[in-house]
Amino acid sequence: MRKKLASVLLLSLVTVVFSTTDSGDLDVLMQFRDELDNPELLKWPEKGGDPCGPPSWNHIYCENSRVTQIQAQGMGLKGTLPQNLNKLSMLKNIGLQRNQLSGKLPSFSGLSNLRYAYLDYNNFDSIPSDFLDGLDNLEVLALDANNFNASTGWSFPKALENSAQLTNLSCMNCNLIGPLPDFLGSMPSLTNLMLSGNRLSGEIQGTFNGSALQTLWLNNQLHGGMTGPIDVVATMESLTVLWLHGNHFTGTIPERIGKLTLLKDLNLNSNKLVGLIPISLANMRLQNLNLNNNHLMGPIPMFKASKVTFASNKFCQATQGLLCSPEVMALIEFLGVVNYPSKLVSSWSGNEPCNWLGIRCNSGKVSVINLPHYNLSGCLSPSVAKLDSLSQIRLQSNNLSGPIPNNWTSLKSLETLDLSGNNISGPLPKFSRTVKLVVTGNPLLNGDKTDHTKGANIPPESSDSPPNIPTTSSQDSDPGSPATNSSLKSTKTKGFKRNTFVLIMAPVASFALVAFLVIPLSIYFYKKRKDSNLSSTSLVIPPRDPSDPDNMVKVVVAANNTNGNTSTLTGSGSASRNSSSIGESHVIEAGNLVISVQVLRNVTKNFAAQKELGRGGFGVVYKGELDDGTQIAVKRMEAGVITNKALDEFQAEIAVLSKVRHPIWYLFWVIPLKAMREFLFMNICLKVLLASIFSIGRA
């Protein structure tokens, strides 16, 4: 009996020991109840009792006398939480969501066993900086709808990166600011990230590339929202829900988005997305697709999504499946490679490009692209070659780079291509001579030293101000275009141009001055040297009627000069300068035939001894035969006998002999004169006496 009673007492003592709540945990729970405005909603005993039981208190769960869970969600509790809540060191799960708790959120620092924390939809107004320190086993954190740090905002501390088991992170409308933390993209277990309705800014970080996220909500960011391209989301192949609406994302919808085969819900509403809708997106079998309120262009494809909306965009047609005109598609491609400047995107809509900013048409066909000073970047699109009626392309003073597409040379109507003031690189395609190509101000082309201009018959125009372009459409004028406001350039720009002009013109002027002095001297010495080499291009003038009282022969010796002048010496010795197409020649008018000195040299074997017939008063007489069989006698005057008197006698002799009449004679003179300073720049005279074949022996 005593043994039985002892056993019962021992069992009772053990039960009491193992059912008594840890005193530290009990203190925290009692403080929690005391700080509530309506603790009666918990239905905890006012005095005494054991939270861990038996019986345990409502909403409290224990293991081995330690509180591991508090589950009091949606009860309408009001008040604050005790600041020593992190002394519940064995706490694994806290669910206080959807109450009216307020004040400062206590630090959870050191709750290494905490796995689930649901504090969303309350009225907490601040969060301590060490709140997330040491939560190494945290799997779910929900902080939605708490306006933390209202005046300054807050962001996730770096310590959250150590919560390697975190799968669900929800902080919608919790006043997050700044860029999306990059470490969130590299957390290996994170599958659901919901951060809607905050003040996040910047781009989706590259660390999200290939992320295992299944749900990503970044929609409706306030004060400008997130920006940049959305290309990285197309690499998250586990995504099932993607909400990016209500931001300022830019760029195009990536073609790769079609690889997100698990995606069911895609919302891109109210962004600044541009360009064509990828065919891969149109072929996705989504449950919901929202593309409203963007700047999407081109045709509307036939979608396979169950529900799709695409209102308020820049499509060329209003109906799915209808195509755009070829010119519209070519211009959209051009717009794409210059990175879709917003000013053009806002204007280029519909299927009539003749009404677009910077575009001019002739007879309904695009004839001019006039977009100077538009801050265009990127490169030049080969699609422009599809605009076969283009006559002018004016893209000066932008930030364009890369080469000119080779297929632009196929534009048969092109007259002007102005790419000055960019960063175009070579090689330059070979355009037609009728094309005026202006590429000055491109440092990668010959160091920006020369005016790379091709073509002719086109008046030069300034690349700094767009020209007046005549068109056949009344809508061709564009008063708001920068092309019509070139007179408003700043003084700084003008000063820069003046300095540039001086730097360029100073060496040019110096070179011109040197050339002005050197070239005439060179020509003078060249002529002086060449005057002795008589050309064989002299004309031969047939004999005229001997009965003509003015009958004279012009004897011309060509000097092979390109100046187009001749020196003419008449029978009386006077000289004059005349224009002739055969170069500079020496002419003696004393008969009626002209023959070159070179011919005389040829027929006399260069005045060879074996051709001598005899000697006369002024020199040696040689025989010769012309190509037509005519035999001639040539009297060569020796330079040593040249004086004023001798020259007069020589010319008198010519004058007398030229009047000789013979029925079978063809009498003519060939007198080449070499320039000499004393006698009209001539120092050698040749006299030629032509006789018939019957009289040559007597000469």
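The values are calculated or read from the model by the stated rules, or taken from the named source; none is laboratory data. Everything quoted here is computed from the prediction, not taken from an experiment. Using ideal geometry, Cβ is built from the backbone for each residue, glycine included, and neighbour counts are taken over all protein chains shown. Note: accessible area is taken over every heavy atom of the protein model, side chains too, but ligands, DNA and RNA are not part of it. Shrake-Rupley method; radii C 1.70, N 1.55, O 1.52, S 1.80 Å.
Solvent-accessible area of Thr440, probe 1.4 Å, all protein chains present, reported in Å² to the nearest ten, please.
40 Å²
Quick one: Debye curve from the C-alpha atoms of region 131-179, no solvent, what's log10 I(q)/I(0) at q = 0.18, 0.19, 0.31, 0.32 Å⁻¹?
Summing over Cα pairs of region 131-179 leads to -0.58, -0.64, -1.20, -1.22.
Could you please put Glu333, Glu352 in sequence from largest to smallest accessible area, using a 1.4 Å probe?
From most exposed to least exposed: Glu352, Glu333.
Would you please give the residues with an amide H less than 5 Å from that of Asn362, counting only those at least 5 places away or on a separate chain, with H modeled from the backbone geometry?
Those qualifying (amide H under 5 Å, at least 5 residues apart or on another chain) are Ser367.
What shape does region 266-400 have by the C-alpha gyration tensor, where a ≥ b ≥ c are the square roots of the eigenvalues, rounded means a/c under 1.5, and otherwise prolate means a/b greater than b/c and oblate the rest?
Prolate, since a/c reaches 1.5 and a/b exceeds b/c.
Note down the accessible area of Ser189, probe 1.4 Å, to the nearest 10 Å².
Accessible area, nearest 10 Å²: 40 Å².
Using only Cα atoms, locate the centre of region 296-325 and the centre of region 346-419, then give the distance between them in Å, rounded to an integer.
Distance between centres, Cα-based: 25 Å.
Assign one of three labels to region 332-445, namely rounded, prolate or oblate, based on the Cα gyration tensor with a ≥ b ≥ c the square roots of its eigenvalues; rounded applies when a/c is under 1.5, prolate when it is not and a/b is larger than b/c, and oblate otherwise.
oblate
At 1.4 Å probe size, put Met194, Met90, Met236 in order of accessible surface, largest to smallest.
Met90, Met194, Met236
HN-Hα J couplings of region 314-322 from phi, Karplus 6.51/-1.76/1.60, θ = phi - 60°, integer Hz, Gly and Pro as x?
My calculation for region 314-322 gives 10, 5, 7, 10, 9, 10, 4, x, 7 Hz in order.
Rounded to the nearest 10 Å², what accessible area does Lys43 show when all protein chains are kept and the probe is 1.4 Å?
150 Å²
Compute the distance from the alpha-carbon center of region 36-106 to that of region 169-211, in whole Å.
Rounded to whole Å, the Cα centres lie 31 Å apart.
From the protein chains alone at 1.4 Å, what is the descending order of accessible area for Tyr622, Tyr61, largest first?
From most accessible down to least: Tyr61, Tyr622.
Would you grab the residues whose amide H sits under 5 Å from the one on Ser126? Only those 5+ places off in sequence or on another chain, please, with H modelled 1.01 Å from N.
Correct list: Leu105, Asn149.
How about region 280-372: which trypsin sites (Lys or Arg not before Pro) there lie in a loop by DSSP and see at most 12 other Cβ atoms within 10 Å?
Arg285, Lys307
Using 19 Å as the Cα-Cα cut-off, could you pick out the over-long pairs in Lys343/Lys412; Lys47/Lys92; Lys412/Lys436; Lys365/Lys430; Lys47/Lys104; Lys343/Lys365?
Lys343/Lys412; Lys47/Lys92; Lys365/Lys430; Lys47/Lys104; Lys343/Lys365
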